[in-house]
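Enquirer: Sharing a structure, written as structure tokens. Questions coming.
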Amino acid sequence: MAYDYSHTLLQALESLHSERRYRTFHTLERLCDKPPHAIRTKDGVRSEITVWCSNDYLGMSGHAAVRAAFEATASTCGVGAGGTRNIAGTSKAIVELEGELADLHQKEAALVFGSGYVSNDATLSTLGKIFPNCVIISDSENHASMIEGIRRSGVEKYIFRHNDMVHLEQILQKIAPDRPKIVAFESVYSMDGDIGHIGHICDLAKRYGALTYLDEVHAVGLYGARGAGVAERDGLLHKVDVIEGTLGKAFGCYGGYITGSAELIDVVRSFASGFIFTTALPPSLCAAAAASVRHLKASNLERAAMHANANALKYALQTAGLPVMATPSHIVPVMIGDAELCRRASDMLLDEHNIYIQPINYPTVPRGTERLRITVTPFHTAAHIAALVDALSATWAALGLEKTKRDDCHESICFKRPNTKCTDACELNRAKKCGVYVAYSAA
Ligand code: PLP
């Protein structure tokens, strides 16, 4: 009897349903002339909603200069790139974009890829293979795209506990000094909203002869005087060997890139199959991204407004007793700690309050730390924030979720280790350190 493919496929989907983590999509049309609003279509009915979870953090996808660059280039060069970079895809627009990006990060060269995911995967897998007997040392909370690149490099790898500099140094000490090593990490971690210890990691890497690879995907455009990210804000650009970013979040477009020394970029350009064997980004998109990067190098208005709104939102959530994590970044996670309740909270917000915040469940975050991940833009107003807090409070009441008391760490549940109370003995002690206290009821 032939293999029953359909049975296996349905079984795989059923396992997601039974764990309450089957993903459903909502069909939206973002209104770029009316941010942060969008039209939702459900069962043929259209309604206007407020988006609270977009990674178009600064609304640059709708910025007049970005749209104008896109439209002008599409009307002269057409829509598609016409081939891989090698064949017909090295457009003037992509070359100019790479110039903007290299300048942004103060590096000799830049290379644009189809996405941020591809840039991490292609670069790490290539560098791991190029350096003989290489070792990659990776933060335990690195993004899936870095993990995949490291896996595909086939090199020996070590994982250091998230942001734990003692552990990182212990690992570095054990590796022979003459072996090539790469330390891979992020600046803003997108789910917990905490920030990598860039300076400390670079100093350790230098001491032990390692290259540094920094993912600034959730920081480019948002931090630093010219929007180059946290490394720029902290005066550390020169210490990082490779800085990777995306054009798809704060820059409001699509695509990814790396920046670094001319020879490193040339090697990735020449060896990375994820760069070589795929159609280049359309010139119109490159022109739009270059316009966005250029604008954010010169303008601090969008960044400042977004950060002010993020702070105002955190304060309003805290004041209302909603379990918001005290992040040092623009990311605003509100903890729920249960996959089903998280999905129901998200559905209620959308169906009853016209507010869109997607649920974040395993495997994006560990089980028991499910959450609503809220992002704010320069376009959210005080009225939007008040409406969100009211809607969340109503949802918390309807689902029997507990609110928090601020000085309650010992009574609360460590969001890093489900079912564990946060105590002094907690190895991570995250809840105490960052003021996070998660108190929820599964009722
Ligand atoms: N790196 C991190 C830390 C991310 O969160 C993401 C995506 O969300 C990526 C890389 C991939 O970037 P892109 O969305 O451009 O593929």
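Enquirer: Kindly establish whether ALA228 is touching a residue at least 60 places away in the same chain (Cβ under 8 Å) and crowded, with 22+ Cβ neighbours inside 10 Å.
Expert: So ALA228 fits the description; yes.
Enquirer: Kindly list the number of the only condition in (1) in contact with a helix residue (DSSP H, G or I) (Cβ under 9 Å, 6 or more places away or on another chain); (2) under 30 Å from ALA387 (Cα atoms); (3) open to solvent by 50 Å² or more (accessible area, probe 1.4 Å) that fails for ASP43.
Expert: (1) is the only condition that ASP43 fails.
Enquirer: Please tell me if ALA290 is more than 16 Å from the ligand (Cβ to nearest atom), open to solvent by less than 40 Å² (accessible area, probe 1.4 Å) and more than 29 Å from PRO180 (Cα to Cα).
Expert: Spelling it out, ALA290 is indeed more than 16 Å from the ligand (Cβ to nearest atom), open to solvent by less than 40 Å² (accessible area, probe 1.4 Å) and more than 29 Å from PRO180 (Cα to Cα).
Enquirer: Inspect all residues belonging to region 336-350 and state whether any of them is part of a loop (DSSP other than H, G, I, E, B), charged (D, E, K, R) and without any contact (Cβ under 8 Å) to a residue 60 or more places away in the chain.
Expert: no
Enquirer: Restricting attention to region 96-127, and to residues there that are within 14 Å of the ligand (Cβ to nearest atom) and assigned to a loop (DSSP other than H, G, I, E, B), which single residue is farthest from ILE182 (Cα to Cα)?
Expert: If we take residues in region 96-127 being within 14 Å of the ligand (Cβ to nearest atom) and assigned to a loop (DSSP other than H, G, I, E, B), then GLY114 is farthest from ILE182 (Cα to Cα).
Enquirer: Another one. If you go through region 196-208 one residue at a time, do you hit one that is touching a residue at least 40 places away in the same chain (Cβ under 8 Å), within 16 Å of the ligand (Cβ to nearest atom) and not β-branched (Val, Ile, Thr)?
Expert: Scanning region 196-208, I find at least one residue that is touching a residue at least 40 places away in the same chain (Cβ under 8 Å), within 16 Å of the ligand (Cβ to nearest atom) and not β-branched (Val, Ile, Thr), so the answer is yes.
Enquirer: Another one. Residue by residue through region 132-157, note down the ones that are in a helix (DSSP H, G or I) and over 10 Å from ILE182 (Cβ atoms).
Expert: ALA144, SER145, MET146, ILE147, GLU148, GLY149, ARG151, ARG152
Enquirer: State the number of residues belonging to region 161-176 that are acidic (Asp, Glu) and either within 13 Å of the ligand (Cβ to nearest atom) or part of a loop (DSSP other than H, G, I, E, B) (or both).
Expert: Here the count works out to 1.
Enquirer: Would you kindly identify the strands (runs of 3 or more DSSP E) lying entirely within region 1-90 that contain at least 1 residues that are over 28 Å from VAL220 (Cα atoms)?
Expert: 37-42, 45-51
Enquirer: Follow-up. How many residues are surrounded by fewer than 20 Cβ atoms within 10 Å (Cβ to Cβ), in contact (Cβ under 8 Å) with a residue 24 or more places away in the chain and touching a helix residue (DSSP H, G or I) at 6+ places or on another chain (Cβ under 9 Å) when one looks only at region 58-77?
Expert: The total comes to 7.
Enquirer: Going by the structure shown, is LYS174 among the basic types (Lys, Arg) and without any contact (Cβ under 8 Å) to a residue 12 or more places away in the chain?
Expert: Criteria met by LYS174.
Enquirer: So GLU48 fits all but one of (1) within 16 Å of the ligand (Cβ to nearest atom); (2) open to solvent by 60 Å² or more (accessible area, probe 1.4 Å); what number is the exception?
Expert: Against the list (1) within 16 Å of the ligand (Cβ to nearest atom); (2) open to solvent by 60 Å² or more (accessible area, probe 1.4 Å), GLU48 comes up short only on (1).
Enquirer: I would also like to ask the following. Which members of region 231-245 meet the condition of being open to solvent by 10 Å² or more (accessible area, probe 1.4 Å) and within 28 Å of ALA280 (Cα to Cα)?
Expert: Result: LEU237, ASP241.
Enquirer: Here is a follow-up. Of all residues being assigned to a loop (DSSP other than H, G, I, E, B) and within 11 Å of the ligand (Cβ to nearest atom) in region 177-195, which is most open to solvent (accessible area, probe 1.4 Å)? Just the residue, please.
Expert: Ranking the qualifying residues of region 177-195, first place goes to MET191.
The values are calculated or read from the model by the stated rules, or taken from the named source; none is laboratory data. Treat the numbers as computed from the prediction; the structure is a model and nothing was measured. Neighbour counts run over all protein chains shown; Cβ positions are idealised from the backbone, glycine included. Just the protein is used for accessible areas: all its heavy atoms, side chains included, with ligands, DNA and RNA removed. Shrake-Rupley method; radii C 1.70, N 1.55, O 1.52, S 1.80 Å.
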